[in-house]
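Below is one structure, written out as structure tokens; comments come after it.
The values are calculated or read from the model by the stated rules, or taken from the named source; none is laboratory data. Every value quoted in this text rests on a predicted model; they were computed, and no experiment measured them. Please note: Cβ atoms are built from the backbone with ideal geometry, for glycine as well, and neighbour counts cover all protein chains shown.
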Amino acid sequence: MLNELKNWPKTERDALDLQARLAAEVRAVPLNKPPETIAGVDVAYNDATGLLIAAITVLDAKTLNLVDQAVFEGKVDFPYVPGLFSFRELPPALEADRQLKIRPDLYICDGHGLAHPRHFGLACHLGLALNTPAIGCAKTHLYGTSCPPGELRGEKAPILDGDTQIGAVLRTQTGVKPVYVSIGHLITLDEAVAVTLNASPKYRLPETTRSADQLVRQRLKQASG
């Protein structure tokens, strides 16, 4: 998979072709072991300058304390095409990942995995690239049909593509908007939901996402100032 970066698609057509090939390689299988470290991945842009910043934060899976982090600054190198955001965001995310001193056991992406029009969102792309379990945890719905879950923390509802479940709408906090969880790679949906819920003890979003978002916005503000 990493060899694909040497000939990274520059056009929408090439990206769609690669996406279709790679989608067949995604595996929904149980974790080999409970993760000891979990990472948040976030990418932000300055549309005026074309600056792109990717941040990865690594947390202890039990305490949710920060144990490592990395940032990469670069330029946007792929057009804005809905459904193909991973072709913008994956290369800088991998550059940030290379700087980490602690290897995460699992990644939680601020985006989708299988709950994607072609069943291949950023979480799938990252999981395949690193051959590591990955989860998509998005703030908004992208694809599929679903009903709202119950109002209590931990309640969930399926996201369906026809008769196939491709994700779950998960209420991480009672009375708060849900998140949209899907498999990225090398994990089951039940495990993805459990990991997401455990990483969200106080707020709607997992602490992985919150910490990565804070870091990327801080760096984007510094770079733009």
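Miscellaneous remarks
- Members of the stretch 61-90 that are exposed (fewer than 14 other Cβ atoms within 10 Å of the Cβ) and not polar (S, T, N, Q): LYS62, LYS75, ASP77, PRO79, TYR80, VAL81, PRO82
- In the stretch 165-204, the residues that are β-branched (Val, Ile, Thr) and over 16 Å from ILE108 (Cβ atoms): ILE166, VAL169, THR174, VAL176
- Within the stretch 125-140, the set of residues being surrounded by 16 or more Cβ atoms within 10 Å (Cβ to Cβ) and of a type outside the set (A, V, I, L, M) comprises HIS125, GLY127, THR132, PRO133, GLY136, CYS137.
- Pair list, Cβ under 9 Å, 6 or more apart: the stretch 62-79 residue under 15 Å from VAL216 (Cβ atoms), other residue modelled with pLDDT under 90 and part of a loop (DSSP other than H, G, I, E, B): VAL76/ASP47; VAL76/GLY50
- Among the residues of this structure, TYR180 does not count as one that is hydroxyl-bearing (Ser, Thr, Tyr), at pLDDT 95 or above and closer than 16 Å to ARG118 by Cβ.
- The lone exception for VAL43 - which of (1) surrounded by 13 or more Cβ atoms within 10 Å (Cβ to Cβ); (2) farther than 23 Å from LYS139 by Cα; (3) out of contact with any Cys (no Cβ under 8 Å at 6 or more places or on another chain) it fails: (2)
- Residues that are on the phi < 0 side of the Ramachandran plot, at pLDDT 95 or above and either among the basic types (Lys, Arg) or in contact with a Cys (Cβ under 7 Å, 6 or more places away or on another chain) (or both) do occur in the stretch 81-98.
- Restricting attention to the stretch 94-123 and to residues that are touching a helix residue (DSSP H, G or I) at 6+ places or on another chain (Cβ under 7 Å) and over 16 Å from ASP42 (Cβ atoms), the residue that is surrounded by the most Cβ atoms within 10 Å (Cβ to Cβ) turns out to be LEU114.
- Taking every residue in the stretch 13-37 that is within 30 Å of VAL81 (Cβ to Cβ) and pairing it with any residue that is among the charged types (D, E, K, R) and outside any loop (DSSP other than H, G, I, E, B), at least 6 positions away or on another chain, the pairs with Cβ-Cβ distances below 8 Å are LEU18/GLU4; LEU22/GLU4.
- Among the residues of the stretch 183-225, those that are of a type in the set (Lys, Arg) and at pLDDT 95 or above comprise LYS202, ARG204, ARG210.
- Of all residues in the stretch 205-225 being in contact (Cβ under 8 Å) with a residue 40 or more places away in the chain and over 15 Å from the mean Cα position of the chain (by Cα), the one that is surrounded by the most Cβ atoms within 10 Å (Cβ to Cβ): LEU215
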